[in-house]
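Beneath this line is the structure, given in structure tokens, with notes to follow.
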Amino acid sequence: MTEVTALQEEDARYLIFRVNQELYGAPLLGIREVIEPQATKPIPNTVSFFNGVINLRGQVVGVIDLRKKFGYPPVEHPRNVVVVFDTEAGPLGALVDEIDGVARIPSVDVETGAVVRSFVPPEFLIGIGKQEGRLVSLIQFHALLGSEELRGIAGLARD
């Protein structure tokens, strides 16, 4: 599957969300849906940020916790949601603190060369977007996991 990055579009749309009060955005293209959190079935011997699997209309989907993945302290947030997105190995969910909305961020308003120290590993970072006076860390959900981690989690979801 060929991924189209949001920067290839002149006026890309991003799902804006919060994790640890920080603003993040992910290209709307590739996001399947946003759902309420469900109880996950834990899977032993997985990476620490993998919460487990859920049943989403008959399909088993793995869920990762972005707080844990980004190194933030674990806190249950009253407005948590799960963003379900496509990966090369199938759908995966990411637990975030809350959704802030959908925004258009033109490619001219995205800094890709900024040198920043971040909880977000650089391979996930598209860039830093400027949106209505706010700075938003733009990430690629499909790149959140290395291919080996992704295959392992997807394999667990199919078992």
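Of note:
- Qualifying trypsin sites (Lys or Arg not before Pro) for region 27-105 [loop in DSSP, other Cβ within 10 Å: at most 12]: 57, 79
- Coil-residue chymotrypsin sites (Phe, Trp or Tyr not before Pro) of region 22-54, DSSP, other Cβ within 10 Å capped at 14: none
- Multiplying the residue separation of residue 130 and residue 108 by 0.36 nm and subtracting their alpha-carbon distance yields 7.0 nm.
- Interchain or long-range residues, amide H under 5 Å from residue 28's placed H: 13, 14, 15
- Ranked list, fewest to most other Cβ atoms within 10 Å of each Cβ, for 125, 66, 138, 28: 28, 125, 66, 138
Throughout, read-outs are computed from the coordinates displayed, never taken from laboratory work. Everything numeric in this text was worked out from a predicted model, so none of it was measured. Glycine also receives a Cβ, built like all others from the backbone with ideal geometry; neighbour counts cover every protein chain displayed.
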